[in-house]
Amino acid sequence: MTSVCQRRTSPINITRLGSGGGGPGPGGATLVLLPDTQVYSLLYPGLLHAQTGWVATHAKKWNILYVLHLGDITNNNTHDEWQHAADALSLLDGVVPYAVVPGNHDYGPSGDASERTTLMNDYLSYSTVAAWPTFGGAYQEGRLDNTYHLFTIARRKIILLALEWGPRDEVIAWANRLMEMYPDRYGILITHAYLNNNDRRYDWKDTDHPQDFNPHFYATPGVNDGEELWQKLVRKHKFVMVINGHVLGDGTGYLASKTDTGLICHQILANYQFRHLGGEGYLRLLEIQPDGKTVKVSTYSPLYDSYLPDADQSYSFTFDWPAE
């Protein structure tokens, strides 16, 4: 066991993985993370097709439960980019359910996030997403900006909340009501901006640590950042994971925090947009092992058919489920 990285303020224990990969094995399951595909939608749509095509092809072998898009689906919120994204995501239709969240680049004129207008719902089919039996509902009927999904991981009931860029207070209130409606379910939250690459939640009040690209530094009305989401939503309920993209630098981060329920919440940042070709096709795989507790984290590119070996791209953690 080694520290994930010496630079981390709160080192965690990780397990280095081998270069091979063939899924979690019988009894296991996989969540696939697609962060910040904006450059693909703008310039290299074939790479996004390669990602979703790989998922569709390997869905059965890897027992892929869900594909989670972490936002910035497009770069400039334009018709052409949304068409490219829609075409690629359509490869998942009828094969694997998916959840999407809008990022800052998916909002406003030219993706400037000055307002919460988006072309997303003109191109991504609400009815297709809602047709999956795992779809629970939406904050606004007919819109994919804020949705929830119900499924199981290792016999544990899960509620997945997929929330907009810098969620508004009224959206957080809706999310709290959902968690209260499903007290027997464990929560997973995906949103575009939450954890920074220094393993700290974004917190605009914290002037001692970098806050580059904090939602409060955009013109988007009514935002909440990571620390506000933690205080207003996550810590109050049985959340076991929060996952986001958005952040540059090395585009990775991890933080384990105990919620008021006593459960450990694993908070994960993954983003590859700064790499060659806007990400080189890398996606993040969360493989829940047959024991139902161990999660193997890896970073794989269908373009190269290879994994990133770095300690913060290839590690494992454990869910601390209570005894059944």
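Observations, loosely collected:
- The single residue among F239, F317, F213 that is closer than 27 Å to D112 by Cβ and in contact (Cβ under 8 Å) with a residue 24 or more places away in the chain turns out to be F213.
- Selection within region 46-91: residues that are surrounded by fewer than 21 Cβ atoms within 10 Å (Cβ to Cβ) and of a type in the set (A, V, I, L, M). The member of this set that is nearest to L31 (Cα to Cα) is A59.
- Taking first residues from region 42-56 that are within 18 Å of T74 (Cβ to Cβ) and partners that are of a type in the set (D, E, K, R) and crowded, with 18+ Cβ neighbours inside 10 Å, the Cβ contacts under 9 Å between residues at least 6 apart in sequence or on separate chains come to L42/E81; P45/E81.
- Residue in region 187-200 that is out of contact with any helix residue (DSSP H, G or I) (no Cβ under 6 Å at 6 or more places or on another chain) and farther than 30 Å from T52 by Cα present: yes
- Residue ID - surrounded by the most Cβ atoms within 10 Å (Cβ to Cβ), chosen from residues in region 294-309 that are free of Cβ contacts under 8 Å to residues at least 40 places away in the same chain and in a loop (DSSP other than H, G, I, E, B): L308
- Breaking point among (1) among the aliphatic types (A, V, I, L, M); (2) assigned to a loop (DSSP other than H, G, I, E, B); (3) surrounded by fewer than 24 Cβ atoms within 10 Å (Cβ to Cβ), for V247: (3)
- Where a residue in region 249-265 is under 26 Å from D310 (Cα atoms) and modelled with pLDDT of 95 or more and its partner, wherever it lies, is of a type in the set (F, W, Y) and not in a loop (DSSP other than H, G, I, E, B), with Cβ under 7 Å and at least six apart: C265/F239
- One residue from D312, D291 being charged (D, E, K, R), within 27 Å of L233 (Cβ to Cβ) and in a loop (DSSP other than H, G, I, E, B): D312
The values are calculated or read from the model by the stated rules, or taken from the named source; none is laboratory data. Keep in mind that what you see is a predicted model, and the values were worked out from it rather than measured. Reconstructed Cβ throughout: ideal geometry from the backbone, glycine too, with neighbour counts over all protein chains shown.
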